[in-house]
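Peer 1: Sharing a structure, written as structure tokens. Questions coming.
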Amino acid sequence: MYKRIVFIIAFICVVWVNYACVGQEENIRWVTLKDIARSLENQPPMNVGFDIDDTVLFSSPGYYYGRQKYSPGNKAFAIMEEFWNEMNNGLDQFSIPKECARKLIELHKKRGDSIYFITARTKTKTESVTELLEKTFDLENPHKVIFTGIKLGENLKIKAIKENKIQIFYGDADSDIEAALEAGVRAIRIMRAVNSTNKPLPHNGSFGEEVLVNSEY
Ligand SMILES: [Mg+2]
């Protein structure tokens, strides 16, 4: 009798958890590349912005390397100048461009939109990220990457989005979506790959924003 009750309770829990997950997935505003293209028909060229890490580049290899080298076992490397100098000046040779980004950038290039990259990486005296993105995504005269850095309690991307008159901002982090919404522009979520070293994973769709399907890679 006892076993049967335990079994029934376990069964109810499994059904309830599954139902809750399905419910969450259903509430997400999924969009395809075609949906985005269609939504922009008849709209004049505009400025669009992209976050970099886990949005256009799978850059975990560089961060993984930096952590092993500068602060094994903790995240202290992320506030070290030496790490950022390396990261912004060459480690992206190990970053894998995301396919969804290639397609999105192609779409915006065809429309004649102006493409900006806004990252919270720490700014360094020199950087080769702009050049890498130029080559990777075949960009003509790209704008220099905007490195906002991080300030506790302030989302520095808001200002960058406003200053550059960005009308659509793509990003994987909750802070990217927040920045776009705070700046009063359209936010589109790019999904972070589950094997990214940047954990915990964000909450896709949690702001009611559009989420691009199959954007983990
Ligand atoms: Mg990111």
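Peer 1: Projected onto the charge dipole of the chain (+1 at Lys/Arg Cβ, -1 at Asp/Glu Cβ, origin at the Cα centre), which of Met80, Asn42, Leu132 gives the Cα projection farthest towards the positive end?
Peer 2: Met80
Peer 1: Helix 2-27 sits at what angle to the longest principal axis of the chain, using alpha carbons and giving 0 to 90 degrees rounded to 10?
Peer 2: Helix 2-27 sits roughly 30 degrees off the main axis of the chain.
Peer 1: Using helices alone, what [θ] at 222 nm do you get for the chain, with -39,500 (n - 2.57) per DSSP H run of 4 or more residues, divided over all residues and rounded to the nearest 500?
Peer 2: -13000 deg cm²/dmol
Peer 1: Would you work out the charge dipole size for segment 136-217 about its Cα centre, treating the Cβ of every Lys and Arg as +1 and the Cβ of every Asp and Glu as -1, and quote it to the nearest 20 debye?
Peer 2: I would put it at about 220 debye.
Peer 1: Could you order peptides 37-49, 168-180 by the average number of other Cβ atoms within 10 Å of their residues, highest first?
Peer 2: Packing order, densest peptide first, comes out as 168-180, 37-49.
Peer 1: Exactly which trypsin sites (Lys or Arg not before Pro) in segment 75-155 are in a DSSP loop and have at most 15 other Cβ atoms within 10 Å?
Peer 2: Lys75, Lys123, Lys125, Lys144
Peer 1: Give me the angle, in degrees from 0 to 90, between the Cα long axis of helix 99-111 and the longest principal axis of the Cα atoms of the chain, rounded to the nearest 10.
Peer 2: Approximately 50 degrees, to the nearest ten.
Peer 1: Could you identify which residue out of Ile166, Ile52, Ile28 has the top mean-square fluctuation in a GNM of the chain using Cα springs shorter than 10 Å?
Peer 2: In the Gaussian network model the winner is Ile28.
Read the figures in this text as sums done on the coordinates, not as results from a lab. This one's a predicted model, so the numbers in the text were calculated from it and none came from an experiment. Note: ideal-geometry Cβ built from the backbone for every residue, glycine included; neighbour counts use all protein chains shown.
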